[in-house]
Amino acid sequence: MDLEFSIEGDSEGYVQFECPYCESEFRLMAGEIQNEEEYYHEIFCPYCGLADEVSNFYTREAIEHAKELAMNYMYEELNKAFGGIAKKMNKSKLIKMKWKPLKKINVQEMRTEDSVEDEFECTSCNKHVKVLYCAGKSNVFCSYCGVDI
Ligand SMILES: [Zn+2]
Ligand SMILES: [Zn+2]
């Protein structure tokens, strides 16, 4: 089962990520992390500089969002399956079976709100990362190539 979901970026096209190591949040430009020519499988945390698979950087909200979509998908499949059984059983007239479609969870559009984070441009790959500079760290790492910005 392959479910796709998309997250809309903020007004500048940034989407939120969360570091699996230090739990800091940062933002990357949607079009830079994934576009027609390149797709990053691994990114660096701009705060602690550690790298991991992109999927490990999804925010809790994004994971919840994906779960809700998966649940809805499951409900649909269940409804289809039980609907079929109910029809067959009703035909046999031996057993009456009623079924009600399961209610789908209302999945809200996921949108990234604008934030106060600072935008940095990497001097070696020219890509962008948005971090909270007041986090107290003097070093910001590029999420793509891992160097100090
Ligand atoms: Zn980190
Ligand atoms: Zn870079």
Open item on the list: Please go through segment 10-36 and give me each residue that is open to solvent by 50 Å² or more (accessible area, probe 1.4 Å) and in contact with a Leu (Cβ under 7 Å, 6 or more places away or on another chain), ordered by number.
Closed with: Tyr21
Open item on the list: So Cys45 ticks every box in (1) surrounded by 15 or more Cβ atoms within 10 Å (Cβ to Cβ); (2) away from ligand 2 (no atom under 16 Å from the Cβ) but one. Which box is left unticked?
Closed with: (2)
Open item on the list: Restricting to segment 96-132, count the residues that are part of a loop (DSSP other than H, G, I, E, B), within 29 Å of Leu69 (Cβ to Cβ) and modelled with pLDDT of 90 or more.
Closed with: 1
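Anything in segment 1-32 that is within 16 Å of ligand 1 (Cβ to nearest atom) and under 15 Å from the mean Cα position of the chain (by Cα)? List them, or say none.
Within segment 1-32, Gln16, Phe17, Glu18, Cys19, Pro20, Glu25, Phe26, Arg27, Leu28 qualify.
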- [ ] May I ask you to list the residues in segment 70-88 that are within 20 Å of the chain's Cα centre (by Cα), touching a residue at least 12 places away in the same chain (Cβ under 8 Å) and surrounded by fewer than 15 Cβ atoms within 10 Å (Cβ to Cβ)?
- [x] Ala70, Met71, Tyr73
Open item on the list: Among the residues that make up segment 63-78, is at least one of them under 25 Å from Leu132 (Cα atoms) and out of contact with any Phe, Trp or Tyr (no Cβ under 8 Å at 6 or more places or on another chain)?
Closed with: yes
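The values are calculated or read from the model by the stated rules, or taken from the named source; none is laboratory data. The shown structure was predicted, so the numbers you read here are calculated from the model rather than taken from an experiment. Cβ atoms come from the backbone with ideal geometry, glycine included; neighbour counts cover every protein chain shown. Accessible surface areas use protein heavy atoms only, side chains included; no ligands, DNA or RNA. Shrake-Rupley method; radii C 1.70, N 1.55, O 1.52, S 1.80 Å.
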